[in-house]
Amino acid sequence: MPVLVLAEHDLGLLSPATARLVGAVCELGAVDLLVLGEGVDQVALDGARLLGVNRVLVGQGADLAAGLPDSIVPLLAGLAPQYTYIVAAAAAAGRDLMPRLAAKLDLMPITDVVSIQAPNRFVRPIYAGNALQTVVSDQKQNLLTLRASAFRPAGFGDAAPIEPLPHAPVASAARIIAAHRTESDSPDLSTAQIVVGGGVSVGSAEGFKLIEQLAITLGAAVGATRAAVDAGYAPNDWQVGQTGKIIAPDLYIAVGISGALQHLAGIQGAKRIIAINSDPEAPLSKMADAVLVGDLFTIVPALIAELDRLGVKR
Ligand SMILES: Cc1cc2nc3c(=O)[nH]c(=O)nc-3n(C[C@H](O)[C@H](O)[C@H](O)COP(=O)(O)OP(=O)(O)OC[C@H]3O[C@@H](n4cnc5c(N)ncnc54)[C@H](O)[C@@H]3O)c2cc1C
């Protein structure tokens, strides 16, 4: 049953989420990877080496580079008859494209999938992650968005063929005026193995540098609570939770974070949690695998110094 996977990429680089999408669906059928944009040759080459990818289809053009659904959805709708599954990450693009494509094809999209149990059986969180719903689909085609962090990435192997995808450009009334980026060398938050998260208790954007310093030592991504983001201590795209990013690291170090339900909604996939909190009764302290009780401004520098002393550096 052929599968079309929409590749995630940014600044000419394939996103690690794409390997996870391919890893998740490669048992459903032969995977065609769809790479759309401009200047995406390297993305296509990297995507072609993912195990499970049968071929890479590359659509290039200014209309596609903007990533606007008005341009991309007609192209996807044209390809759709060839595929039993059309898959995207449950990130900004997938969330925007899939419902529109579903409306065009008269299908029900199955969104935010965290587990594929059978070719027609999908698990997805509901009620902000407080319950899991199993969806059995009897549709002849399935449009899926997957939480990439919930799946293991596909490995790399021999390169699959790359084919250009001709398309008739569709002009959109919308246009991108500016893209505001957070410059960072740290790993992608949604797929990082280690995440260090900071709460509003760090007290300032300057205080957040402490969180970043610990993250650099551990080769970790940096996350933040909404309270920290709202206070202007951390950028929006660091927010983890119900209205932020969903993460599933092997280790989550939560620094001065209370553990409100809306934050927990974003970290349920974390395999181990270490909480650093002055309150041993905080919800996150109670659910953590280990808790360092005390003042974060004492504990975090001591932790960094000890890691330095031990020569731990990722
Ligand atoms: C619709 C909606 C959506 C939301 N979405 C999100 C979301 O996506 N993500 C999210 O995070 N929140 C979200 N929230 C907000 C959420 O409800 C909480 O307000 C927020 O998560 C709390 O952030 P916090 O832990 O930084 O702050 P607080 O709840 O104020 O907790 C601070 C913690 O730091 C500890 N502390 C204080 N000082 C120190 C110190 N010096 N050393 C060590 N520990 C210390 C305290 O004991 C406490 O546990 C949402 C809320 C709503 C209503």
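Yes or no: V240 of a type in the set (V, I, T), under 18 Å from S186 (Cβ atoms) and in contact with a helix residue (DSSP H, G or I) (Cβ under 7 Å, 6 or more places away or on another chain)?
Spelling it out, V240 is indeed of a type in the set (V, I, T), under 18 Å from S186 (Cβ atoms) and in contact with a helix residue (DSSP H, G or I) (Cβ under 7 Å, 6 or more places away or on another chain).
Looking only at the range 142-183, count every residue that is within 29 Å of V114 (Cα to Cα), open to solvent by less than 50 Å² (accessible area, probe 1.4 Å), out of contact with any helix residue (DSSP H, G or I) (no Cβ under 7 Å at 6 or more places or on another chain) and part of a loop (DSSP other than H, G, I, E, B) and tell me the total.
3
Residues to consider are L21, L45, L57; find the one that is under 20 Å from P164 (Cβ atoms), open to solvent by less than 40 Å² (accessible area, probe 1.4 Å) and modelled with pLDDT of 95 or more. Steps first, answer last, please.
Numbers: L21 fails: under 20 Å from P164 (Cβ atoms); L45 fails: open to solvent by less than 40 Å² (accessible area, probe 1.4 Å).
Of the residues listed, the single one that is under 20 Å from P164 (Cβ atoms), open to solvent by less than 40 Å² (accessible area, probe 1.4 Å) and modelled with pLDDT of 95 or more is L57.
Residues that are open to solvent by 50 Å² or more (accessible area, probe 1.4 Å) and more than 11 Å from the ligand (Cβ to nearest atom), at least 1 per element: which strands (runs of 3 or more DSSP E) completely within the range 228-314 meet that?
Numbers: elements: 251-255, 272-277, 290-293.
In the range 228-314, 272-277 are the strands (runs of 3 or more DSSP E) which contain 1 or more residues that are open to solvent by 50 Å² or more (accessible area, probe 1.4 Å) and more than 11 Å from the ligand (Cβ to nearest atom).
The values are calculated or read from the model by the stated rules, or taken from the named source; none is laboratory data. Given the structure is predicted, the values throughout are model-derived calculations rather than measurements. FYI the Cβ positions are ideal-geometry reconstructions off the backbone, even for glycines, and counts take in every protein chain you see. All accessible areas refer to the heavy atoms of the entire protein, side chains included, with ligands and DNA or RNA removed. Shrake-Rupley method; radii C 1.70, N 1.55, O 1.52, S 1.80 Å.
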